[in-house]
1. Being in contact with a Ser or Thr (Cβ under 9 Å, 6 or more places away or on another chain) and within 18 Å of residue 92 (Cβ to Cβ) is the filter; apply it to region 50-70 and report the residue that is surrounded by the fewest Cβ atoms within 10 Å (Cβ to Cβ).
2. Applying the selection to region 37-89, what residues are of a type in the set (A, V, I, L, M), under 16 Å from residue 22 (Cβ atoms) and more than 15 Å from the chain's Cα centre (by Cα)?
3. Among the polar types (S, T, N, Q) and in a helix (DSSP H, G or I): does that describe residue 65?
4. So which residues in region 104-136 are part of a helix (DSSP H, G or I), exposed (fewer than 13 other Cβ atoms within 10 Å of the Cβ) and not basic (Lys, Arg)?
5. From 51, 37, 6, grab the single residue that is at negative phi, touching a residue at least 40 places away in the same chain (Cβ under 8 Å) and not in a strand (DSSP E or B).
6. Mind checking which residues of region 45-94 are modelled with pLDDT under 95 and hydroxyl-bearing (Ser, Thr, Tyr)?
7. Name the residue, out of 65, 77, that is of a type in the set (Ser, Thr, Tyr) and in contact with a Gly (Cβ under 6 Å, 6 or more places away or on another chain).
8. Quick one: which of 42, 31, 11 is small (Gly, Ala, Ser), under 20 Å from residue 125 (Cβ atoms) and either modelled with pLDDT under 95 or in contact with a Cys (Cβ under 6 Å, 6 or more places away or on another chain) (or both)?
Amino acid sequence: MDKFIETFVQGKHLAVVGASRTGSGKNKKFGNIAAKELKERGYQVYLIHPEAQEIDGEHCYPNLSAVQGKVDGVLVSVPPKKALGVINEAATAGMKNIWLQQGAESTEVLAQAKQLGLSVISGKCILMYAPPVRSFHGLHRFVMKLIGQL
């Protein structure tokens, strides 16, 4: 496993940017799914949302700087235009480990993260790596390992 990935998933305090107030229930957004899954896997999850006070019964912070607890990494599940602001904010808050969920990355976002000196993972689904890996993510992980891409 990639060293950056291993370090990221070993950190048990994660901020999740991209959970949605309208992404609950039947129309789940990836940020909501990831936050729930990560919490079930034993992670302390801090939801970041600029307007919501609460999502799915969980307290939300308006930005990364507002989180009072330890943050080992930031999972970003927003479009690239918003992701650019998130990585700038993470760097300002001293948060160096960033996971850009598929769809959050762009050439501009990756270049900015590099310029800021951030450790970035992109193009991979965190649920395939955060232990314990379950359901179809476990099968997908097995296949990736077989073909030498894990």
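The values are calculated or read from the model by the stated rules, or taken from the named source; none is laboratory data. None of these values were measured; they are calculated from a predicted model. Glycine gets a Cβ as well: all are built from the backbone with ideal geometry, and neighbour counts include every protein chain shown.
1. Within region 50-70, the first condition is being in contact with a Ser or Thr (Cβ under 9 Å, 6 or more places away or on another chain), and the residues that meet it are 52, 55-56, 64-65.
When the remaining residues are screened for being within 18 Å of residue 92 (Cβ to Cβ), the result is 64-65.
On the way: 64: 21, 65: 13.
Out of the qualifying residues, it is 65.
2. 52, 55
3. Considered against the rule, which asks whether it is among the polar types (S, T, N, Q) and in a helix (DSSP H, G or I), residue 65 comes out as yes.
4. Within region 104-136, 107, 108, 111, 115, 135, 136 qualify.
5. On the way: 51 fails: touching a residue at least 40 places away in the same chain (Cβ under 8 Å); 6 fails: touching a residue at least 40 places away in the same chain (Cβ under 8 Å).
Of the residues listed, the single one that is at negative phi, touching a residue at least 40 places away in the same chain (Cβ under 8 Å) and not in a strand (DSSP E or B) is 37.
6. Across region 45-94, there are no qualifying residues.
7. Details: 65 fails: in contact with a Gly (Cβ under 6 Å, 6 or more places away or on another chain).
Only one candidate qualifies: 77.
8. Working: 42 fails: either modelled with pLDDT under 95 or in contact with a Cys (Cβ under 6 Å, 6 or more places away or on another chain) (or both); 11 fails: either modelled with pLDDT under 95 or in contact with a Cys (Cβ under 6 Å, 6 or more places away or on another chain) (or both).
Every option except 31 fails the conditions.
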